[in-house]
Every structure is written in C-alpha cells, then in structure tokens.
Amino acid sequence: MNSRSSAILLAGLFGAALALPSCKPRSEAGAITSDAAEKTYVAPGKYDEFYNFVSGGFNGQVSVYGLPSGRLLKIIPVFSVFPENGYGYSEETKAMLNTSNGFVPWDDQHHLELSQTDGKPDGRWLFANANNTPRVARINLSTFKTEEILELPNSGGNHSSPFCTENTEYIVAGTRFSIPMGDKQDVPINSYKKNFHGTVSFIKVDSLSGRLQLAFQILLPGVDFDLSHAGKGPSKDWFFFSCYNTEQAHTLLEVNASQRDKDFIMAVNWKKAEQYVRDHKGALRSTPYIHNVYTEKTHSATSSTETQVTILDPTELKDFVYFIPCPKSPHGCDVDPSGEYIVGSGKLAALIPVFSYTKIQQAIAGKQFDGDYAGIPVIKYEAALYGEVQKPGLGPLHTEFDGKGNAYTSMFVSSEVVKWSLKDLKVLDRAPTYYSVGHLCIPGGDTKSPYGKYLIAYNKITKDRYLPTGPELAQSAQLYDISGDKMKMILDFPTVGEPHYGQALPAEIISKNSVKYYKIEENGNPYVTKGEKEAKVVREGNKIHVYITAIRSHFVPDNIEGVRLGDEVYFHVTNLEQDWDIPHGFAVKGAANSEILIMPGETCTLKWIPTAIGVFPIYCTDFCSALHQEMQGYVRVSPAGSNNPLLFGTNLADSGAVAKK
Ligand code: RUQ
Ligand code: CUA
C-alpha cells in the first residue's frame, strides 16, 4: 500500500467513527462499577472536592463543574456575549469583545490552562484560547470573571494555546491556519507554499497583576500548528508544539495533508528566544491588535490598540527552533510530570511516539540532523525517540499523566482511554468511552504534580447516553476513578457547548480566595451612585444618564418622565447591597439589549434607545427577596419635540414622578 492509499484508508477509519454506531464498546454493562454512586455522590449541602473548568467549544465560554459530582456550578462568559448576566451587552463589558475586526460577539473556545507556580496550579488565573478570531483571555479566579482579552496579530486562528510555562512566565498561541501576512496579503490561495506563513506567539504574564503583553512572535513556515505544552523541571526552558500539514496543502486537507509519513513536533528554546529579544535581534513589525482589560476598580473594561510586535526569524537566528519528526498528523503534544518525556499523538498513527528531552539535547549538541525544513533543522527521529507505545488503539489524540509513572491517552477512533507505563511503554489497561473521546483531564494532569485520583474523558459523540433532545444531543463527559490499577467509570455527566480541554484542581486552592461582594466605597465607576440620596437623572443633549440604585426591594428612582423619542437612555444601576449572593437584575421593556445582572457593590450600565412613545416598565430580573416581584417601576417616553420636564423619584408623591431639581 502506498502512503497515499494508506492515508486515505486511515482517514476513512477516522471518519468511520462518526458514521457508524459500531464504535460502541461491547462491554457496556461491565463498564460501570457497583460502588460508582457512592464514589460520586456529594450529599446535599456538601462541597465537591475539585473544581473542573471545561472549555465550551463553539459556545465561546468556560463552564465550571464540581467533581466528583459533575454538577454544573457556573458558566463564565469569555469570548461570547452572555445575556444571562449582560456580558458583552452592558456598556461596561462591551469593550471586552473588541478586535481589529470590530466587535466580535462569539468565538470557539478549546483549551484552558491554570496559572502555575513551580509547576503546580496556584489558583490565581485561568487562561483560555479563542480558535476563530485569534485571542487569549485571562480569567480571575477570585471573581470568576474574564479580566483580559488580547488579540494576536499575524495569526489565522489560535489553537495551540494558552499553555503556560511552569511559573507562568509566558502563555503561548500558534496559528492553526497559516496565512499570508505583512504587506502581501491579497495573493492567490494556490501560492500557499510561497506566500503563507505561521507564527507562534509568546505572551508575557505579569507575575503580580497577571497583565498580558505580546512579548514576541516566531515566524515559521506555512503549516498548521495544533497543540503545545511547556517543558518542566529539566526541560522548563523549552516549549513543544505539534504541527500538521507539513505538506503545505491548501485544499482537501483531509487527503492532501495526510501524505507524509511524519509531520513535526517543534521544540522552541524560549529562554534563548527571550535573550534574542533582549539583544534586539528581532524585527519590529507594525501591525494593529486590540487589547481589552477589565478592572474591578471601575467594574468596567477599556480597549486599547497595540501597534507593534517583535518577530524572531529562526532561519536567521540559530539554535532556538528545531523540528522533530512525528508520525502522521500529530494532535496532542504532552509533557510528563518529570519533564523528560514528550508524547506526540499522531491522529492517523498506529503507535504513540515518546520523545526524550535528554536525547533531544544530545541530538542538538551532536548535530544529528536530517537536513532542514524551510531552513529549520530537523532532528533525526531515532535520535530524539525514547520509544514507541505499540498497538495502543486507533486515533490517539491526547495524553495526561497521573504522577505515578502512568500516562493515559484518548483514542478517538476506538473510543477508549488507554493507560500505559512511561517506563516501559507497555499498555496496562483500557477503558471504553461513550463515544469518540477527545481530550482527557486529570486534575493537575499536565503539571509537575498531578492529583491522580480521577480522570475525565470529554467525548465528541453522545448517541444513546441520555434522553433524546431532537437532532442535537447533550455533549458528554465521563468520570473515571484511576486510584487503582484499573480505571473504573463512575459517572456520566452532560456538558454545555462542546467540551475540548479541561483543567481541574483541589477546590480549596480557589474557594478560600473567592470574592463575596465589592465594597461600595471602593467603587470607582464614573457613573456610580453610592446612596439613594445621590440618585439622579441628567440630560446631556439627547443622552439621558439615569443614576439609579438597587437594594431589596426597590429602585431609586423608579418613576422617570421627560424622556423623548430620539433620546439614548443609559441606566447606570448600582447595587447597594453589601452581602454575599444578592445580585439584582435590570431590564426595560423592548430594549434591543439583554438584561444586566449587577453584583453587590457594582455598577452596570444598560443602554436603551426607546422606539415608541408610551410608558415602559423596568424591573429586577433576579428573584432577590420576597418582594422581588414588587421591584419594578416605569419610564415615560414622550414625542420628540415634547416639553415634558425631566422628573424622577421613588415614592415622593402619589401623583407619580416628582422633580428633584
Ligand atoms: S482539540 S479533541 Cu484540543 Cu481543539 Cu483535541
Ligand atoms: Cu432585585 Cu429582584
């Protein structure tokens, strides 16, 4: 069989899992153990042991589950607007979704990484990638809010992201799609080989504030960068990226990007790259990209435009980028807790190659190269290889580690998790998944210190696992107890969006720092109202600013008159509560906007452009007290030329609104 027909065959096999229900493992009944309920039951009022952060895929959000119960605790809006709390709809948060393409209300969120100190999750931040419009986000884990989104220039999509170095010095991003860049962008698609390039970006994370800054990009040949992980311990100065389409195909990649026997894992010495940047060896390229930052000082976000990026060219600057051949379109690129082993998972490969960091260093020192690829040295496969896991299963995708010398690889095509030993690369156990597993997560499973008690499989196909819900079924995760020799499935739980990667850590690392409310005296929002006496309505031309307060169970003011057709009304709602778990909501009838949900001590603004004359109800959307249904009021809208004066108040006269000034 030539390599082309074997590629087609394997591609067919890969696709077959989608087409046939036959991927259903036979031993389904035996897959669940009798003590499963006991192991996953978290009694009412008791807390889960772990937080599990799971990417939302095409919903653009991050969801938070408790483990082992699988209970959904929260959806954190990140790259998509979220009417549930007004993210992307309120004036304070709209700026978070600005990009150089304008306001982008959605993205495709695949991977998450917890910030680390000395290679362990420290519970400070969670980073998220956007695969569509290339961006990375930082979520603050004391508030569970997205605090920062940085766009990536010179990039056609960002998949191999946002993995971090062991002290969160950098997070990375890589182009999934190579594209023409710079001043030559309007080119024929079939000039791919000549004109298309990829980049990987290193984003510096400020160790105190978490602030992101695009430190440098590495200019690379036009291939597809897929996944990545940083080294650790001895390999901590290196970053490893998987790449496919080294064929440089631009059409029917299914066939045309499966031609070569091996694609690459790319090894980058980021310490050396950092030194090159310090020595001004990079080229400054002008390119606009947007940086959005949210601060709790003002409870609002601002956008700024960055204009320059430093580009390092590894065909000119030597000894910091190398390619390592890796069989058949590698996807996962995972580094074991010791930092010695780098596991590449070729989607179409019938084995799993494990590379040795020590051997890679020896190969570089001894110049054991197999020529170069687009000017970048290619290390000899055998020179970098520690060994191969033979016959692991079909369609290996991702590997996590338990910290006890074992690795766990997901097998998409054969729908199973395969446990193998890092020492002798022998397969130790297999457990079926339902069905077609993508990523895996062991709490801390990509760090120096995994908490190797549970493994979660995030599956692509649900089929018959839950009650049918029409053509679209719930997405699915499965929880395994991996504390013994054999993996035991103990829970199925549906997830929202499409789960790709997840991260988990012991709950107390985060729960002890959780913010309960914001101090009203520290609220620096320019439109804050710190007490009911300060509530007011101000006209500035056709803009009406309503400084309105919310506290159980009324608004001040709750009757407003004098608004005219043609006005823009801004309701700046301050929640005066100083107590945990008492948000108030705010909505106006007919507003082309979502409601907003205002946390205690916070100010949020809803913009409303009335489209008709009449009296419009306003009300609280969150059932906050016994008299929540009474938490309401009215805004009167008069014709454009009306002389009705601005009147506002709450309970000041029985005739309704009363002028304050
Ligand atoms: S993906 S299922 Cu990380 Cu986007 Cu592998
Ligand atoms: Cu405030 Cu309901």
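Numbers for the structure displayed
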| item | result |
| --- | --- |
| Residue selected from segment 411-461 under the condition among the polar types (S, T, N, Q) and under 13 Å from PHE401 (Cβ atoms), by the criterion nearest to ligand 1 (Cβ to nearest atom) | THR447 |
| Within segment 395-410, considering residues that are in contact with a strand residue (DSSP E or B) (Cβ under 9 Å, 6 or more places away or on another chain), more than 13 Å from ligand 1 (Cβ to nearest atom) and part of a loop (DSSP other than H, G, I, E, B), the one most open to solvent (accessible area, probe 1.4 Å) | GLY405 |
| Residues satisfying the stated conditions in segment 503-537, i.e. closer than 30 Å to GLN116 by Cα, in contact with a Lys or Arg (Cβ under 9 Å, 6 or more places away or on another chain) and of a type in the set (Gly, Ala, Ser) | none |
| Residues satisfying the stated conditions in segment 256-286, i.e. of a type in the set (D, E, K, R) and open to solvent by 10 Å² or more (accessible area, probe 1.4 Å) | ARG260, ASP261, LYS262, LYS271, LYS272, GLU274, ARG278, ASP279, LYS281, ARG285 |
| Filtered residues of segment 368-392 (kept if open to solvent by 20 Å² or more (accessible area, probe 1.4 Å), in a strand (DSSP E or B) and of a type in the set (Gly, Ala, Ser)) | GLY371 |
| Counted residues, segment 271-299 - those being part of a loop (DSSP other than H, G, I, E, B) and over 30 Å from GLY601 (Cβ atoms) | 4 |
| Breaking point among (1) closer than 25 Å to ASP567 by Cβ; (2) within 14 Å of ligand 2 (Cβ to nearest atom); (3) surrounded by 20 or more Cβ atoms within 10 Å (Cβ to Cβ), for PRO583 | (1) |
| Residues of segment 229-255 that turn out to be open to solvent by 30 Å² or more (accessible area, probe 1.4 Å) and part of a strand (DSSP E or B), as a count | 1 |
| Identity of the residue in segment 586-606, surrounded by fewer than 19 Cβ atoms within 10 Å (Cβ to Cβ) and over 17 Å from PHE555 (Cα atoms), that ends up nearest to ligand 1 (Cβ to nearest atom) | ASN593 |
| Index of the failed condition, THR307 passing every other in (1) outside any strand (DSSP E or B); (2) closer than 30 Å to ASN140 by Cβ | (1) |
| Residue in segment 349-367 that is within 32 Å of the chain's Cα centre (by Cα), modelled with pLDDT under 95, within 16 Å of ligand 1 (Cβ to nearest atom) and assigned to a loop (DSSP other than H, G, I, E, B) present | yes |
| GLU340, sole failed condition from (1) closer than 17 Å to VAL417 by Cβ; (2) touching a residue at least 60 places away in the same chain (Cβ under 8 Å) | (1) |
| Filter result (closer than 29 Å to ALA130 by Cβ and surrounded by 15 or more Cβ atoms within 10 Å (Cβ to Cβ)) within segment 466-491 | LEU473, ALA474, GLN475, SER476, ALA477, GLN478, LEU479 |
| Of the criteria (1) open to solvent by less than 10 Å² (accessible area, probe 1.4 Å); (2) farther than 25 Å from THR199 by Cα, which one PHE320 fails | (2) |
| Residues within segment 38-93 that are β-branched (Val, Ile, Thr) and either under 19 Å from SER300 (Cβ atoms) or in contact with a helix residue (DSSP H, G or I) (Cβ under 9 Å, 6 or more places away or on another chain) (or both), tallied | 4 |
| When residues of segment 31-79 are limited to those that are among the charged types (D, E, K, R) and in a loop (DSSP other than H, G, I, E, B), the one most open to solvent (accessible area, probe 1.4 Å) | LYS46 |
| Any hit, segment 481-492, residues being within 16 Å of ligand 1 (Cβ to nearest atom), not in a helix (DSSP H, G or I) and not polar (S, T, N, Q) | no |
| Selection from segment 327-348 of residues that are open to solvent by 10 Å² or more (accessible area, probe 1.4 Å), within 16 Å of ligand 1 (Cβ to nearest atom), part of a loop (DSSP other than H, G, I, E, B) and touching a strand residue (DSSP E or B) at 6+ places or on another chain (Cβ under 7 Å) | LYS328, LYS347 |
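The values are calculated or read from the model by the stated rules, or taken from the named source; none is laboratory data. Predicted model, so just to flag it, every value in this text is computed and none were measured. Quick reminder, even Gly has a Cβ in these numbers, built from the backbone with ideal geometry, and neighbours come from all protein chains shown. Note: accessible area is taken over every heavy atom of the protein model, side chains too, but ligands, DNA and RNA are not part of it. Shrake-Rupley method; radii C 1.70, N 1.55, O 1.52, S 1.80 Å.
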